[in-house]
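K.L.:
Structure incoming, see below.
Here, each number is a calculation from the coordinates, and none is a lab measurement. Since the model is a prediction, treat every value here as computed from it, not as a measurement. A quick note on method: Cβ atoms are made from the backbone with ideal geometry, for glycine too, and the neighbour counts reach across all protein chains shown.
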Amino acid sequence: MNGVSFNFTVPGDDFTRAGEASSAIKNKLKSMGIPPAVVRNVAIAVYEGEINMVIHAPGNGRPGGGIITITVEPEAITMVLEDKGRGIEDVDKAMQEGYTTAADEVRALGFGAGMGLPNMKNYSDEFAITSTVGVGTTVTMKIYLNK
């Protein structure tokens, strides 16, 4: 298999569409014959990131949401999630299980429990995050196909 990439756009602040990208990615990887355990980990990691984009990159008068880029290569799947959100003030704190800055309205919908970033890290083999307050956040994850 040669490397192949595909992108998905995630609209900010649209909970009715939350999960569409991760579901489409899961189906695409299945159709490519990716091992089920890898597909599961990619789907979970991407879903968590997708929900974070919906919650934390709402737009507020400018383009919100973000882009998910998936690259499938013979040895690994790389996921890059780039949003145009408000950015993360304290990445170390945001990586703590249960820490959240989600609004009460978001938590009332069942989202924003503070497990997104920790789950993204836990379900990937490599994890990196960069964030600039007022600009956005980029999360890069990699899952190896042959562990």
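K.L.:
Please build a GNM for the chain, connecting alpha carbons under 10 Å apart, and tell me which residue among Ala43, Ala113, Ala57 fluctuates the most.
P.N.:
In the Gaussian network model the winner is Ala113.
K.L.:
What is the diffusion coefficient of the range 1-51 in µm²/s, taking the Kirkwood radius over Cα pairs and the Stokes-Einstein relation at 4 °C with a viscosity of 1.567 mPa s? Let's see the in-between values first.
P.N.:
On the way: Rh = 11.6 Å.
Using the Kirkwood radius from Cα pairs, D works out to 112 µm²/s.
K.L.:
Give me the percent of Cα-Cα pairs in the range 9-147 that sit more than 22 Å apart, rounded to a whole number.
P.N.:
Numbers: 3133 of 9591 pairs.
Counting pairs separated by more than 22 Å, the tail of P(r) holds 33 percent.
K.L.:
Something else now. Let me have the 222 nm mean residue ellipticity of the chain computed from DSSP H runs of 4+ only, each contributing -39500 (n - 2.57), with the sum over all residues rounded to the nearest 500. Can you show the working numbers first?
P.N.:
Working: 5 runs with 49 residues, N = 147.
Roughly -9500 deg cm²/dmol at 222 nm, from the helical runs in the chain.
K.L.:
By counting other Cβ atoms within 10 Å of each Cβ, how are Asp83, Asp90, Asp14 ranked from fewest to most?
P.N.:
Working: Asp83 26, Asp90 12, Asp14 15.
Ordered by Cβ neighbours within 10 Å, fewest first: Asp90, Asp14, Asp83.
K.L.:
Have a look at Glu126, Glu48, Glu82 and tell me which one the Gaussian network model of the chain (Cα, springs below 10 Å) gives the largest fluctuation.
P.N.:
Answer for the Gaussian network model of the chain: Glu126.
K.L.:
Can you tell me the orientation of helix 36-56 relative to the chain, as the angle in degrees between its alpha-carbon axis and the longest Cα principal axis, to the nearest 10?
P.N.:
Between the helix axis and the principal axis of the chain, the angle is about 20 degrees.
K.L.:
Which FRET efficiency value, to the nearest 0.05, do you get for Met95 and Phe6 by plugging their Cβ-Cβ distance into 1/(1 + (r/R0)^6) with R0 = 25 Å? Mind dumping the intermediate values first?
P.N.:
Working: r = 28 Å, r/R0 = 1.11.
Working from the Cβ atoms, E equals 0.35.
K.L.:
OK, next. What is the order of Met32, Met141, fewest Cβ neighbours within 10 Å to most? Provide the component values of the computation, followed by the final result.
P.N.:
Details: Met32 12, Met141 25.
Lowest to highest Cβ neighbour count: Met32, Met141.
K.L.:
With the cut-off at 15 Å, report for the range 10-81 the share of all Cα pairs above it, as a whole percent. Intermediate results must be reported in sequence, preceding the final value.
P.N.:
Numbers: 1310 of 2556 pairs.
So the portion of pairs separated by more than 15 Å is 51 percent.
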